1. Apply the Karplus curve 6.51 cos²θ - 1.76 cosθ + 1.60, θ = phi - 60°, to the phi angles in region 159-165 and return the couplings in whole Hz, x for Gly and Pro.
2. Can you list the residues, at least 5 places off or on another chain, whose amide H is less than 5 Å from the amide H of Gln167, using H built in the peptide plane?
3. Tabulate in residue order the Karplus-calculated ³J(HN,Hα) for region 210-227, using 6.51 cos²θ - 1.76 cosθ + 1.60 with θ = phi - 60°, rounded to whole Hz; enter x for Gly and Pro.
4. Sort 265-274, 160-169 by the packing proxy (mean of other Cβ within 10 Å over each peptide's residues), most packed first.
5. What net charge is computed for the residues neighbouring Asn268, neighbours being all others with C-beta under 13 Å from the C-beta of Asn268, Lys and Arg scored +1, Asp and Glu -1?
6. Per residue of region 354-365, in order, report the coupling 6.51 cos²θ - 1.76 cosθ + 1.60 (Karplus, θ = phi - 60°) as ³J(HN,Hα) in whole Hz, putting x for Gly and Pro.
7. Around Lys231, under 15 Å between beta carbons, what's the net of Lys plus Arg minus Asp minus Glu among the other residues?
8. Filter Lys202/Lys333; Lys231/Lys366; Lys39/Lys243; Lys239/Lys271 down to the pairs with a C-alpha to C-alpha distance above 32 Å, please.
Amino acid sequence: MARVSMEGAHEKLLHLTFEEAEGTESSENADNSSVQSSKFILWLQIFIFTFFTIGGQAAGTLLGRVYYEQGGQTRWIATLAQTAGFSILLPFICYPSTKNHNEQEPTIHRPSIIVRASVYIFLGLFQVVNSMSFTVGVQYLPASTYSLIAGSQLAFNAITSFLLNGQKITAIILNSIVLLSFSSSAVIFQNETGDSGEISQKSLLIGFAATTFGSLGYALQFTFTELAFQKVFKSSTLKEVMKMSFFIGFFVTIASLTGLFASGNWRNLEKEMGEYRTGKSSYVINLVCSAIAWQLYALGSCGLVFKASSLFSNVVINLGTSIVPIFAMVFMKDRMTGLKVLSLLLGLWGYTSYIYQHYLDDLEAKTSEIKASDDQVDDF
């Protein structure tokens, strides 16, 4: 009788153990499903921000070129158009946040208004100088050449990210940086005379210097933006990205307006609109569309810094610089010389290398998770 009782107890213990194992497996499956869902949402957001970045960059670059070719001359207006679109984010900033169980934030110390304003103004001043530099570059260079030279900011950003953000630089990432850097710098060795009219060597030198200086400035700006997200704001919500983009655009617009009125260029606006070859309405439409395009670019690039890293954001921007010459060839009749095709291929190769590194990182993370799960089963 005692033996039967002991056997029954043993069977019950085995049954309970089996149920616990099933419960543990079910819990692990639920956790894996949640992780996969989170990864899908993350990459969906990255895809959207990538689309904003590349689309805004392509449209803004070409519209800036059209502005000058049709008779626009005021650099402060062109610079203003790169930031004045911040107002389209106002409804999203004012819209109340909804609680999302998948996006809970820990209780952390919130920076004061003074600290926030200081960060926005500091980054805004960087952008004013960078925007003016790129405005000069667009004015003096063909759209395709300008876009390819602007890609040098990736090399600068790799250095600043490594020093300030703790960015991991692997052999594959280094290969990507080198390829993209060669892609952006190779075009200086050819003589630009057929893209959009004759261009002097002096204009090429001014455009190249201004665009390169702007690239270095933007590399620092992206690095400091990532640093601000990490050390100051410490938020995990997308609204923080919109606030960053909105307030930087706000302060940069004020600075650009100040420069416009201080320089006295505002007095020539009516004359400039009247002499614009395609008419006043086209002048206004060009600036409005430019403002929207560059704001989408700013939002997308800032979002990529927030969701990935400043280096990843610059990689996407460099992908855009490889795509813009295609649109320039179609819409603005720019020539695609053999050297530019080579630069385009190098850019695409470099971008693919960087994405391959992300694939390897994900594969390594999955292997570690499987190994840890197997070790838990063995211990059980």
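Where a number appears in this text, it was derived from the coordinates with a stated rule and is not lab data. Worth saying up front: this structure is predicted, and the values here are computed from it rather than measured. Cβ sites come from the backbone with ideal geometry, for glycine too, and all protein chains shown count toward neighbours.
1. Working through the residues one at a time gives 5, 5, 5, 5, 7, 9, 9 Hz.
2. Here the answer is Phe162, since their amide H atoms fall under 5 Å of that of Gln167.
3. Whole-Hz 3J(HN,Hα) from phi for region 210-227: 5, 5, 5, 4, x, 5, 5, x, 5, 4, 5, 5, 5, 5, 5, 5, 4, 5.
4. Numbers: 265-274: 13.1, 160-169: 16.2.
Final packing ranking: 160-169, 265-274.
5. Details: positive: Arg75, Arg267, Lys271; negative: Glu270, Glu272, Glu275.
Net of charged neighbours comes to 0.
6. Values, residue by residue: 5, 5, 4, 5, 5, 4, 5, 5, 5, 5, 5, 5 Hz.
7. On the way: positive: Arg110, Arg116, Lys234; negative: Glu226, Glu240.
Result for the local shell: +1.
8. Numbers: Lys202/Lys333 23 Å; Lys231/Lys366 29 Å; Lys39/Lys243 24 Å; Lys239/Lys271 41 Å.
Beyond 32 Å between Cα atoms: Lys239/Lys271.
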